[in-house]
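Here is the structure we will look at, set down as structure tokens.
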Amino acid sequence: MAFVNIGFGNIINSKKIVSMVTSDSAPAKRIIANAKEAGNIIDATQGRRTRCVIVCDSHVVLSALMPDTISNRINENSIKEESDYDA
């Protein structure tokens with residue numbers, strides 16, 4: 001499993017991520033509203049402004065980090081894992 005830090009010590013399985021979008025668009029706001037209604041939302045913002053909506057297999061996760069930051073962390077983890085296998 002490959003885990004990624006999404007801010008404030010919160011970690012998710014990067015293999016379960018379907019998409020990551022910024023939270024300021026109307027479709028992202030609908031995703032958040034629908035997930036809250038269904039009870040499938042996880043708020044990992046620690047009270048900060050939501051900047052990223054992470055859509056996973058069965059849940060929606062809110063993060064205070066930008067999608068680019070999380071994407072870079074995922075890429076760094078995958079490069080590290082590849083180098084571990086080469087050694």
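Numerical summary
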| read-out | value |
| --- | --- |
| Average accessible surface area per residue within the chain, 1.4 Å rolling probe, Å² | 65 |
| Computed lengthening from SER78 to THR22, 0.36 nm per intervening residue step minus Cα-Cα distance | 17.9 nm |
| Cα-based helix-to-principal-axis angle, 26-38 vs the chain, degrees rounded to 10 | 80 |
| Karplus 3J(HN,Hα) series, Hz, for segment 49-65 with 6.51 cos²θ - 1.76 cosθ + 1.60 (x for Gly, Pro) | 5, 6, 10, 9, 10, 9, 8, 10, 3, 10, 9, 10, 10, 9, 10, 8, 8 |
| Exposed-loop-free span, longest in the chain, where trypsin sites (Lys or Arg not before Pro) count as exposed if DSSP calls them loop and at most 16 other C-beta atoms lie within 10 Å | 1-47 |
| Dipole of the chain [Lys/Arg +1, Asp/Glu -1 at C-beta], most positive-end residue of ASN34, ILE17, MET66 | ASN34 |
| Cα-based helix-to-principal-axis angle, 67-86 vs the chain, degrees rounded to 10 | 20 |
| Correct option for Rg/Rh (Cα atoms, Kirkwood Rh) [calculated from the coordinates] among (i) 0.92; (ii) 0.96; (iii) 1.01 | (iii) |
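The values are calculated or read from the model by the stated rules, or taken from the named source; none is laboratory data. Treat the numbers as computed from the prediction; the structure is a model and nothing was measured. Every residue, glycine among them, receives a Cβ derived from its backbone with ideal geometry; neighbour counts consider all protein chains shown. These accessible areas exclude ligands, DNA and RNA; they are computed on the full protein's heavy atoms, side chains included. Shrake-Rupley method; radii C 1.70, N 1.55, O 1.52, S 1.80 Å.
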